[in-house]
Amino acid sequence: MEGVSKRRRAYSVWIAACLVASLFCLVYPVYVIRPFRAQGVRELAAALFVLRFRFLVMGASVIFAVAAVIRYWRLQPRRWPRAGAILGGLLVCAFAVLSRVNVYQLMFHPLGAPAFVSAADSKLDKDEKVIAIQVNGVSRAYPIRGISYHHIVNDVVGGVPIAATY
């Protein structure tokens, strides 16, 4: 009976380790690389390292968690510990799926068909930063503050399609 208890404990530790690893791989890069926040060189390098190997870590976590849940299920006769193990395994799988979603792509959508006014009619502050472009004699200015959420503006300037971004 002692050996069964140790194995159950070992499988529950494996499930917990897979849960922590998958949660870290999901959350850390998003936390570090979130917009409108300065990133340190080391933390950005670490986040990019995690992103590079996240697919492998998530895949291994899913495989180990599912295997541990199956083995734990066979050794654990009580219902609630079994349910906890299944919940842990399902969370690992959910984190793996969520890690494939590019949250920044969901957050930032290109701004199409922008509206313009003349420089005299604009209500920009004198210190407002803009992205300025001139094509075929047609000038446009895109206020950084106005496109900070979108990060890209699709437009046609002087008959030429452009994408203003920063």
Only one of (1) within 20 Å of the chain's Cα centre (by Cα); (2) more than 30 Å from Arg8 (Cβ to Cβ) fails for Thr165. Which number is that?
(1)
Which numbered condition Ala94 misses (of (1) part of a helix (DSSP H, G or I); (2) more than 18 Å from the chain's Cα centre (by Cα)):
(2)
Can you name the condition, by its number, that Ser12 falls short on among (1) under 30 Å from Phe108 (Cα atoms); (2) surrounded by 15 or more Cβ atoms within 10 Å (Cβ to Cβ); (3) in contact (Cβ under 8 Å) with a residue 60 or more places away in the chain?
(1)
Val27, sole failed condition from (1) free of Cβ contacts under 8 Å to residues at least 12 places away in the same chain; (2) more than 19 Å from the chain's Cα centre (by Cα):
(2)
Is it the case that Ala38 is modelled with pLDDT under 95, loosely packed, with under 14 Cβ neighbours inside 10 Å, aliphatic (A, V, I, L, M) and assigned to a helix (DSSP H, G or I)?
no
Being in contact (Cβ under 8 Å) with a residue 24 or more places away in the chain, of a type in the set (Lys, Arg) and assigned to a helix (DSSP H, G or I) is true for just one of Arg52, Arg82, Arg71. Which residue is that?
Arg71
Quick check: is even one residue across region 115-130 of a type outside the set (S, T, N, Q), modelled with pLDDT under 95, outside any loop (DSSP other than H, G, I, E, B) and surrounded by 14 or more Cβ atoms within 10 Å (Cβ to Cβ)?
yes
Could you tell me which residue of region 87-97 is nearest to Ala68 (Cα to Cα), considering only residues that are aliphatic (A, V, I, L, M) and surrounded by 15 or more Cβ atoms within 10 Å (Cβ to Cβ)?
Val92
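The values are calculated or read from the model by the stated rules, or taken from the named source; none is laboratory data. Bear in mind that the values here come from a model prediction, so they are computed numbers and not experimental data. For neighbour counting, all protein chains shown are included, and Cβ atoms are generated from backbone atoms with ideal geometry for every residue, glycine included.
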